[in-house]
Amino acid sequence: MPSAHDFAAMRERMVHDQLIGRDITNPTVLDAMRRVPRHAFVPAHLQSVAYQDSPLPIGHNQTISQPYIVALMTQMLELTAKDIVLEIGTGSGYQTAVLCDIAQFVYSLERYPELGQQASDRLKQQGYLNVEVFIGDGSQGLPDMAPFDTILVTAAAPAIPGPLRAQLRDGGRLVLPTGDRFQQFLQRVRRQGESWHIEHLIPVMFVPLYGRHGFKPPDNPDLSDSTPIKYDPESNM
């Protein structure tokens with residue numbers, strides 16, 4: 001197992017080669033990527049390859065995105081230290097941690113209870129306290145907590161979910177992949193009053209966003225009609 005010093009060196013190489021070496025220029029994002037221990041958010045047997053330029057499996061047919069995509073989507077949000085963020089798709093909790101490192105507070109919504117529980121526990125263990133993890137249908141967002149300054153969706157929707165657009169604050173930014181199972185594009189949506197300005201960016205490939213305003217869930221439980229449940233690490237649900 002690599003040492004803490006080894007992991008720090010891996011992170012620095014990741015930032016230099018994979019991020020600065022491409023088009024990640026926001027210093028706040030680069031600093032967050034240097035600080036957040038990606039290896040702490042992957043299964044133990046994958047920690048030695050946590051900083052490679054590739055996605056990694058985390059269970060339930062889900063993945064942790066490659067570092068570049070995490071940094072790019074974070075940069076596209078144009079986060080400030082005052083922002084309240086909604087993240088759809090907690091996954092491993094790594095992207096969540098990067099958001100927590102920059103923003104004031106993060107609400108994160110995960111479909112799979114086991115992944116949400118594991119991510120919440122990891123976030124607490126790593127000292128990220130400005131976050132609450134919920135279990136529920138991500139395509140419906142968290143209306144009780146809205147509006148949000150920024151929304152980040154880490155799964156692909158067939159179209160921009162209406163509830164997420166409605167939960168975006170005036171002047172806010174929404175970043176998500178949209179498309180079908182085989183062709184997707186990363187988009188940034190800016191809200192100005194009741195107008196939404198959409199930028200089409202790069203082609204990507206994400207797992208599908210299941211739910212009422214996403215793709216039809218292939219299995220049970222179907223969370224499309226359920227109320228999001230907050231995960232409390234102290235009670236283990």
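The values are calculated or read from the model by the stated rules, or taken from the named source; none is laboratory data. This structure is a prediction, so every number in the text was calculated from the model and none was measured. A quick note on method: Cβ atoms are made from the backbone with ideal geometry, for glycine too, and the neighbour counts reach across all protein chains shown.
A few remarks follow.
- Answer residue from segment 188-210, given it is more than 14 Å from residue 154 (Cα to Cα) and not in a strand (DSSP E or B) and is modelled with the highest pLDDT among those: 193
- Subset of segment 34-79 [more than 21 Å from residue 185 (Cβ to Cβ), in a loop (DSSP other than H, G, I, E, B) and touching a Leu at 6+ places or on another chain (Cβ under 9 Å)]: 42, 43, 50, 60, 79
- Residue pairs meeting the criteria (Cβ under 6 Å; at least 6 apart or on separate chains; first surrounded by fewer than 17 Cβ atoms within 10 Å (Cβ to Cβ) and modelled with pLDDT under 95, in segment 32-45; second assigned to a helix (DSSP H, G or I) and polar (S, T, N, Q)): none
- In segment 112-132, the residues that are among the charged types (D, E, K, R) reach residues that are outside any loop (DSSP other than H, G, I, E, B) with C-beta atoms within less than 7 angstrom, at least six apart or across chains, in these pairs: 122/40; 122/41; 132/107; 132/230.
- Whichever residue in segment 104-143 is assigned to a helix (DSSP H, G or I) and among the small types (Gly, Ala, Ser) and, among such residues, is surrounded by the most Cβ atoms within 10 Å (Cβ to Cβ): 138
- Filter result (touching an Asp or Glu at 6+ places or on another chain (Cβ under 9 Å), under 18 Å from residue 77 (Cα atoms) and of a type in the set (A, V, I, L, M)) within segment 143-185: 151, 152, 153, 156, 168
- Count of residues meeting criterion [part of a helix (DSSP H, G or I), within 18 Å of the chain's Cα centre (by Cα) and over 24 Å from residue 205 (Cα atoms)] in segment 144-187: 1
- Matching residues, segment 49-74, being within 18 Å of residue 35 (Cβ to Cβ), of a type in the set (A, V, I, L, M) and more than 12 Å from the chain's Cα centre (by Cα): 50
- Residue selection: residue 63 fails the criterion of being among the β-branched types (Val, Ile, Thr), within 22 Å of residue 129 (Cβ to Cβ) and touching a residue at least 12 places away in the same chain (Cβ under 8 Å).
- Output for segment 80-103, where each listed residue is under 10 Å from the mean Cα position of the chain (by Cα) and either of a type in the set (S, T, N, Q) or in a helix (DSSP H, G or I) (or both): 90, 92, 94, 95, 96, 97, 98, 99
- Single residue of segment 66-98 satisfying the filter (acidic (Asp, Glu) and surrounded by fewer than 24 Cβ atoms within 10 Å (Cβ to Cβ)) that is nearest to residue 122 (Cα to Cα): 83
- Per the listing 96, 80, 63, the residue uniquely modelled with pLDDT under 95 and hydroxyl-bearing (Ser, Thr, Tyr) is 63.
- Some residue of segment 218-237 being crowded, with 16+ Cβ neighbours inside 10 Å, in a strand (DSSP E or B), at pLDDT below 95 and in contact with a Ser or Thr (Cβ under 7 Å, 6 or more places away or on another chain): yes
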